[in-house]
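Data block below; observations after.
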Amino acid sequence: MAAIKQEIAEGSTAEPTEWGKNHYKNRAKKHKRNKFLKNAKSFGKRESFGHGAELERNEYNYLVAILETMTKEKDNEERQLIATNVMGQLKGKEIRTASNQVGCRIMEDLLAYTDEETFAGLMETFAQNFRVFCCEKFASHVLQRTLYVALLRAVAPLQEDQQQDDAEGEDAQQSVKKHKPGAAARGDKSVWPCYEYCLKEQYGDEHRAKCRQFVERMAKYLINNLEEFVWDVTAAYVIRQCLLNLSGITEKKMEESSDTKHLIVPEQWYKLLHEFNLNLMAWPQFSDLIGMEQTSTILQDLVRALASTNDTFQLEQLIAKLFKEVFYSKKIKKEEKDEEEQVKEEQEDEKSDLPKAFQNESSIRLLEVCIVVAPATFLKDKLYTKLFRGHVKQLALSRACNFAVQKLIDHTTDKDMMDMIFSELEDGLEDLLRIGHTGVVLVLAKACARLSCQQGKFVKNLLDALHCAEVAPVKMINAVLYLLPGNVIPATTPKILIHGSLILQTILDFNKPIKFVNALLDMPNDRLAEILSDPCGSFIANAFVKGRFVGEKSREKLVRHLEGQYSQLVFTVHGSRVVEILYEAGNPAQRENIVRELAEQCERLNGKPWSAKVNKRLLVDLYQRNPARWKVAIKNDAKVEKMFDKLVGGKKRKAET
């Protein structure tokens with residue numbers, strides 16, 4: 001990555017801001033893809049025909065040529081033609097090809113574009129050799145992709161009704177998403193996309209039935225061989241994907257946000273998932289599954305899968321067993337331990353006082369997943385009371401356990417429980433900031449805003465921890481943004497931390513944010529503009545304008561306070577977005593003042609894509625030519641926006657207190 005940046009810096013005189021947000025990341029991904037092809041060719045020249053199963057020279061060279069062809073953009077018809085030809089050439093050699101690194105990579109991409117007859121033959125071949133594919137490090141990837149494609153083809157007809165129901169909501173939110181900074185589409189960015197293609201492509205009912213039978217056959221095979229495969233590294237990944245797919249989750253790394261969509265799957269698949277659950281819970285060595293990371297991740301995915309099925313009985317049954325046999329256990333007396341364990345306990349006195357759930361990394365990760373999906377009563381009465389209560393501060397200061405505390409606070413819905421958690425952490429904010437566990441402070445602030453509790457105490461304790469309760473507004477805001485004590489003078493100007501910015505944004509959503517509102521308004525406007533031009537600091541403008549308890553007068557003061565700085569803000573990527581936000585927040589006179597200031601730099605506005613966007617949206621060039629016509633045009637745009645707000649539904653802001 002550093003080499004790429006250096007190469008660009010030496011070969012170009014353009015300003016750094018000319019590049020997009022993810023420019024270097026995308027360049028690195030492209031170099032990585034090209035590097036795989038380059039390495040494959042170099043292996044062939046050294047007569048080492050790839051990792052895994054050894055191929056003949058002509059077979060390997062053919063695969064490398066296909067791999068080079070597949071790196072280029074093609075339409076669906078070309079992809080289907082390539083898939084048909086290649087799979088025809090590999091017929092009878094599927095197992096050996098899938099066990100080779102290059103062959104595995106090619107088959108993974110081509111499987112989605114195979115025709116019904118070819119894919120049915122592949123499913124039959126894989127089904128007859130499940131054991132070989134499950135336990136081979138390259139072939140297992142091909143088996144996982146086959147399972148994924150079979151899932152999509154089998155359940156595609158069930159998604160049509162859901163897609164029609166979601167179409168209106170997606171259309172209504174589409175324009176909003178387009179204006180989010182850095183909100184590029186996060187879909188399948190592969191040159192050979194699979195998800196959308198398999199759901200939209202038309203297949204016969206008989207073929208879809210075969211795909212469904214393959215998924216069920218594979219699930220039953222894994223259930224019957226669970227005791228063996230659960231300890232195998234490669235087979236464990238196949239089990240995890242099968243568990244998630246049976247519940248309709250298509251990605252292994254499932255996001256915990258509410259925006260995650262799940263596919264509708266047949267009811268029979270839920271029964272197979274429950275069979276997985278019952279078999280695992282019936283094991284005598286169930287508690288040993290958390291001892292290894294690979295087995296712990298199987299339990300994590302099983303918990304996620306059960307949670308997505310909305311079967312609260314099965315979910316609570318599994319979580320209760322985990323709590324009883326894995327997370328919470330009575331402490332062992334020192335006399336019952338051997339000498340080696342006693343020495344280890346003496347070295348880790350604090351850790352030994354914690355429940356068993358916090359003794360190793362794999363159990364902590366499993367506990368985090370359980371916290372996310374556990375019912376509110378179980379979370380409060382069991383997980384918090386038995387595991388966290390009395391240890392919250394100690395866990396928050398731990399490098400391994402502080403994320404579990406963040407999950408606990410983030411999913412707390414009970415005010416009494418939040419009050420108890422806050423009472424344990426309120427004296428430790430300074431320690432948390434000193435060791436860099438700023439995520440705990442952030443989720444604590446969000447919980448205070450979400451539950452409308454302990455907000456005054458949080459602000460007081462935060463300012464005390466930063467030693468900036470009685471300092472100038474600039475120092476107070478800087479201390480929160482940098483999360484550095486106000487009495488510390490760094491050698492160089494620090495960067496605005498994303499957690500510091502998010503904490504300030506959350507405080508602006510408190511019931512009484514007047515202290516920070518006034519501090520922002522009392523700052524010199526050039527310093528405030530510098531903060532709002534920062535990638536993290538720019539979102540403070542969003543929080544200020546949309547704050548529930550930030551008054552209309554304060555918003556207008558902010559717009560007025562930044563007059564004279566808009567011509568500087570508009571020429572930065574993030575500052576240009578702030579200009580648009582404050583333009584919308586201002587009254588008609590203030591809006592005209594903003595456009596008048598920008599009109600003085602009208603010739604330069606089209607020099608950058610972000611400033612050109614502001615020019616186009618605010619009609620700056622029209623104002624420069626004819627201010628009267630600009631007022632008429634803006635009024636017409638306002639009418640259209642008002643109609644749109646009625647359709648979407650706007651929210652009125654509360655008055656400042």
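See the values below:
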read-out: Close Lys-Lys pairs in segment 45-157, where close means Cα under 24 Å and separation is 8 or more or interchain; value: 5
read-out: Expected-Rg normalisation [2.2 N^0.38 Å, Cα atoms] applied to segment 109-153; value: 1.07
read-out: Using alpha carbons only: equivalent-ellipsoid semi-axes of segment 497-626, gyration tensor based, whole Å; value: 26, 16, 11
read-out: Two-site label geometry, A320 and D526: point separation in nm, points 7 Å out along Cα→Cβ; value: 6.7
read-out: Gain on full stretching of the segment that runs from R560 to E56 - 0.36 nm per residue minus C-alpha separation; value: 174.0 nm
read-out: Spin-label model distance (nm) - W283 vs A628, 7 Å beyond Cα toward Cβ; value: 8.2
read-out: q = 0.15, 0.19 Å⁻¹: log10 I(q)/I(0) that the Debye formula gives for segment 550-636, counting C-alpha atoms only; value: -0.49, -0.79
read-out: Theoretical FRET efficiency, 1/(1+(r/R0)^6), r = Cβ-Cβ of N76 and H262, R0 35 Å, to 0.05; value: 0.85
read-out: Hull volume in cubic angstrom per residue (convex hull over the Cα atoms of segment 527-592); value: 74
read-out: Linear extension gain, N310 paired with T413, 0.36 nm per residue minus alpha-carbon span; value: 35.2 nm
read-out: Residue-normalised accessible area of segment 215-329, given per residue in Å² at a 1.4 Å probe; value: 44
read-out: Residue pairs, from the table K380/K512; K356/K460; K446/K512; K407/K553; K382/K446; K382/K546, whose Cα atoms sit over 26 Å apart; value: K380/K512; K356/K460; K407/K553; K382/K546
read-out: 5 angstrom amide H check on N100, placed H, neighbours 5+ away; value: A53
read-out: In order through segment 548-553: 3J(HN,Hα) via Karplus (6.51 cos²θ - 1.76 cosθ + 1.60), integer Hz, x for Gly, Pro; value: 5, 10, 8, x, 5, 5
read-out: Among the listed pairs K210/K271; K271/K415; K608/K631, those beyond 28 Å (Cα-Cα); value: K271/K415
read-out: Whole-percent carbon and sulfur share, accessible surface of segment 57-153, 1.4 Å; value: 45
read-out: Per residue solvent-accessible surface (Å²) - segment 411-488, probe of 1.4 Å; value: 40
read-out: Three-way shape call for segment 344-435 based on the alpha-carbon gyration tensor, with the a/c threshold at 1.5; value: oblate
read-out: Extension gain (nm, one decimal) between E603 and K495, 0.36 nm per residue minus Cα-Cα; value: 35.7 nm
read-out: Hz values of 3J(HN,Hα) by residue in segment 424-432 - Karplus curve (6.51, -1.76, 1.60), Gly and Pro given as x; value: 7, 9, 4, 8, x, 4, 5, 5, 5
read-out: q = 0.23, 0.27, 0.30 Å⁻¹, segment 427-478: log10 I(q)/I(0) [Debye, one scatterer per Cα]; value: -0.92, -1.11, -1.18
read-out: When segment 378-480 is reduced to its Cα atoms, the Kirkwood hydrodynamic radius in Å; value: 13.9
read-out: Percent breakdown of C-alpha pair distances by 5 Å bin, ordered from the shortest bin, for segment 436-526; value: 2, 14, 26, 28, 19, 8, 3, 0
read-out: Three-way shape label, segment 565-615, alpha-carbon gyration tensor, a/c 1.5; value: oblate
read-out: Relative packing of peptides 402-409, 127-134 - highest average C-beta neighbours within 10 Å first; value: 402-409, 127-134
read-out: Two-site label geometry, K635 and K271: point separation in nm, points 7 Å out along Cα→Cβ; value: 6.9
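The values are calculated or read from the model by the stated rules, or taken from the named source; none is laboratory data. Here the structure is a predicted model, which is why all the values come from computation and not from measurement. As a convention, Cβ positions derive from the backbone with ideal geometry for all residues, glycine included, and neighbour counts pool all protein chains shown. Note: areas computed on protein heavy atoms with side chains; ligands, DNA, RNA excluded. Shrake-Rupley method; radii C 1.70, N 1.55, O 1.52, S 1.80 Å.
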